[in-house]
1. Give me, ordered by chain and number, the residues 5 or more places off THR55 or on other chains with an amide H under 5 Å from its own placed amide H.
2. How big is the dipole moment of region 2-154 about its Cα centre under a simple scheme where the beta carbon of each Lys and Arg is +1, that of each Asp and Glu is -1, and everything else is neutral? Debye, nearest 20, please.
3. Under a crude label model (7 Å from the Cα following the beta-carbon direction), how far is GLN146 from GLU36 in nanometres?
4. With r as the distance between the Cβ atoms of SER80 and GLU129 and R0 = 25 Å, compute the FRET efficiency 1/(1 + (r/R0)^6) and round to 0.05.
5. Would you please give the residues with an amide H less than 5 Å from that of LEU34, counting only those at least 5 places away or on a separate chain, with H modeled from the backbone geometry?
6. Give me the Kirkwood hydrodynamic radius of the chain in Å, from all C-alpha pairs, to one decimal place?
7. Filter the trypsin sites (Lys or Arg not before Pro) in region 33-83 down to the DSSP loop ones having no more than 16 other Cβ atoms within 10 Å, then list what survives.
8. Sorting CYS93, CYS87, CYS98 on the 10 Å Cβ count, fewest up front, what's the list?
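Bear in mind these aren't lab numbers, they're just calculated from the coordinates by the rules spelled out. Remember, predicted model here, so these are calculated numbers, not experimental data. Note that we place each Cβ from the backbone using ideal geometry, even for glycine, and neighbour counts take in every protein chain shown.
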Amino acid sequence: MKATILYASMTGNDEEIANILISDFNQSGVATELKEIDEADVKDFDASDICIIVTYTYDDGDIPEEALDLYDDLDHYDLSNKIFGVCGSGDTCYGDFCMAVDKFEKRLLTTGAQKGADSVKIELYPEEEDKEKLMQFVQSIVNSAQTMLDKLQHN
Ligand SMILES: Cc1cc2nc3c(=O)[nH]c(=O)nc-3n(C[C@H](O)[C@H](O)[C@H](O)COP(=O)(O)O)c2cc1C
């Protein structure tokens with residue numbers, strides 16, 4: 001089983017979230033690949049069972065500029081037989097808290113990939129309680145991916 005994590009981070013909060021996810025996936029025996037979103041291509045997801053986006057939110061609930069190409073390319077891209085998950089950091093001082101997370105979730109639903117866990121939204125830097133949520137997020141995704149792979153094997 002393999003997970004690819006694509007992340008956008010300006011001041012490091014989402015990079016830290018991505019690193020926590022890597023550690024959690026590795027603990028579950030899942031191989032991981034990590035890439036910054038501006039160096040990533042939608043094809044990076046092709047060889048993975050698990051597709052993860054980690055993103056901050058900018059301006060009025062916008063997707064970061066460096067994530068826009070990937071966001072566009074994901075539109076109806078075929079990611080069937082894959083599991084996805086989205087998480088990210090935001091700031092509740094802004095009206096549209098972590099809206100980029102919601103936007104990516106919606107976009108990934110157009111790809112045929114199956115949502116493996118509820119999206120996780122984190123206030124700025126991930127604290128202990130957030131780490132717990134991220135661990136549950138990864139567990140749920142790994143379980144969903146295992147179920148999907150078992151089904152595919154039996155078909
Ligand atoms: C100009 C600006 C606009 C922002 N707009 C939003 C927003 O609309 N919603 C939100 O939840 N956070 C917003 N944020 C907060 C960032 O998403 C937050 O600081 C996040 O932790 C940054 O993640 P990073 O450290 O990975 O870059 C904004 C930050 C800046 C500087």
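1. The answer is ALA8, CYS87, GLY88, SER89.
2. For region 2-154, the charge dipole is close to 900 debye.
3. 3.5
4. On the way: r = 34 Å, r/R0 = 1.38.
Efficiency at R0 = 25 Å is approximately 0.15.
5. For LEU34, whose amide H was placed from the backbone, the distant partners under 5 Å are ILE5.
6. After inverting the pairwise mean of 1/r, the radius is 15.2 Å.
7. Filter output for region 33-83: empty list.
8. So the ranking, lowest neighbour count to highest, is CYS93, CYS98, CYS87.
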